[in-house]
Each structure stands twice: as C-alpha cells, then as structure tokens.
Amino acid sequence: MTQSTPDDAAPDPKVQPDTTTPAAPQRSPEKDPSDWATGGEPATGPQLSYVSTLAQEAGVDVPENLTKADASKLIDELQEKTGRGGQPTGG
C-alpha cells in the first residue's frame, strides 16, 4: 500500500488563487476625441469645472455649449498653455 505525499497530492479545489495583489492598470491607446461615440454629447460637469479653472488661469473665455470632445481638446490646449497636467518627467 502506498501513501500519498504532499508532492503528488491533487490541488485542493477549495484553495483560491491570490487576488490581493492588484493587476497593473491596462492603458488603451488614446483615441481622438472626435472619434468618441459620445463625443457629441454635452460636456460633463467635471469637464466644465476643469475647463473653467484652466481658462481662468490662461486668461481665456470658455465657449458655450461645449461637447465632451470639444471640452477634452480644450483641456489639452489649456493644460499646455498653463503648464498643468503635462506628462510626468523622470527624475
């Protein structure tokens, strides 16, 4: 009669894999806002708030009736103009 050892034992089906370590976030390639399915919808509250803050710093007026796509493009332009929100630099 042979005895089973831990090395040849079947895995315990009740043991779950370790899910405590978060996976690295997956970044998808940036899509041009003009190509967004919802780009023609009105800008969101957070977008309008941020555009307003950036526009005030840049000394420019915020156009009325911004779409999500237009707001995104304007945010990019104003970030560049104000020096906010740029790509992080290594150091």
If we keep just the residues of the stretch 29-52 that are out of contact with any Lys or Arg (no Cβ under 9 Å at 6 or more places or on another chain) and part of a helix (DSSP H, G or I), which is farthest from Arg84 (Cα to Cα)? Asp35
Neighbours by Cβ (under 9 Å, 6+ apart or cross-chain): first from the stretch 28-47, closer than 12 Å to Asp70 by Cβ; second assigned to a loop (DSSP other than H, G, I, E, B) and small (Gly, Ala, Ser): Pro33/Gly39
Among what's in the stretch 66-87 and is more than 15 Å from the chain's Cα centre (by Cα) and not in a helix (DSSP H, G or I), pick the residue that is modelled with the lowest pLDDT. Arg84
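The values are calculated or read from the model by the stated rules, or taken from the named source; none is laboratory data. These numbers were taken from a predicted model, which means no experiment stands behind them. Positions of Cβ are backbone-derived with ideal geometry, glycine not excepted, and every protein chain shown enters the neighbour counts.
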